[in-house]
Every structure is written in structure tokens, then in C-alpha cells.
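The values are calculated or read from the model by the stated rules, or taken from the named source; none is laboratory data. Treat the numbers as computed from the prediction; the structure is a model and nothing was measured. Methodologically, a virtual Cβ is constructed for each residue, glycine included, from the backbone with ideal geometry; neighbour enumeration extends over all protein chains shown. Surface areas here come from the heavy atoms of the whole protein model, side chains and all, with no ligands, DNA or RNA. Shrake-Rupley method; radii C 1.70, N 1.55, O 1.52, S 1.80 Å.
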Amino acid sequence: MTDPQLPPPPGAYPGSFSAPPVPPVSPAPPGAYQVPVGGYSTSTGAYTAPATTNRRSAMLGTLALVFALVAAIVTPLIAGINALTIGRALPTTTAATYDLRMLSPVRDQVLWTEISFWAGTVLGIAAIVIGIIAIAKRRGRGAGIAAIIVAAFGVIFFFTVLIIALTIGGAAGAVGYS
């Protein structure tokens, strides 16, 4: 509703809902900015939107992470189980002479502990190298970063598990639970 004392707005026809006729648009003068009709046109300036690329496979990062997890979890567990047995077999008294023959009864466990150490070392180094390649090539960047971190902390975890297992095994052997 409009106020009867106010004049109608320009272009409005009282009592009619039809719009006034639109005057024809004259063409732009030469050299003027040309606006595309009906939407946006492709840019002709310095910036263009980057083309969408196919997503690369994240296999390198995933492979590095698997290597790092095996090096940081599986090999310390194998070493820890064997170190527990080695600790139980160690002599309860510390003699002045140090002889490796005391490890003769547990030579299989010593061998498996050494194998797990070297396997963890090889897998950890491979995880770090493949993780770096995955980061550089952007093929599983997040998993590559995680692999490097896990492999770096895997060394600390390995030796922590080994020392704790040897200590617990030595304590159990000293008490007589062997």
C-alpha cells in the first residue's frame, strides 16, 4: 500500500503491474571495457585458475609408514621377548671376569635379538628414505611425515624395551623364577 498523498515513484504506473519498456542499449564506444553478456568470461590477464590434476597415489607414504611401524613395534617386541629369556640366563653374581660363554645356553635368543635389531635398523632407514621421497614427490605426504617421526622414535623404543626386558629377566633369574 502506498500513501495517497505521495506521488508515485518514477516509472511506476498506478494500478498497473507491468514494467516500463526498457530502452535499447547502445554499443560501447571503441576502446571501452567490454562486459561479457550472460556471465563471466575466461580471464585474459596474468592470472588463470590452475588446472585440476589427477590425484597422485599415496603408496610411497603408506609404504614408508608400514616400514616404520614394523621397525618401531614388531622388532622391539621380538627383541624384548628374547631379552627376557637372556636376562633370566645371566649369572646372578657379577664376577671379575667377563666371559661370553655365559650366553651359550641362550644363543638362539641372542641371535634372534640381533636379527631383530638389524631388521629394525634396515626397515627404519628404509622408512626414513622412502618417507623423504614421499614428502618431496607429494605422494603420501602426511604418511611420509608420520613414517619419519615413527622411525626416529623407534630406535628409542627398541632400546628401552630391550633394557627393561633384560632388567626384568635378570631380576627374575636372581630371585629363582627361572
Residues of the stretch 60-71 satisfying the condition of being farther than 12 Å from S116 by Cβ and either not polar (S, T, N, Q) or not in a helix (DSSP H, G or I) (or both): L60, G61, L63, A64, L65, V66, F67, A68, L69
Close pairs (6 angstrom Cβ cut-off, 6 or more residues apart or separate chains): within 15 Å of F159 (Cβ to Cβ) in the stretch 77-91, open to solvent by 70 Å² or more (accessible area, probe 1.4 Å) anywhere: N82/W112
Whichever residue in the stretch 123-158 is open to solvent by 20 Å² or more (accessible area, probe 1.4 Å) and of a type in the set (F, W, Y) and, among such residues, is farthest from L65 (Cα to Cα): F157
Set A151, A83: member being in a helix (DSSP H, G or I) and under 22 Å from V175 (Cβ atoms): A83
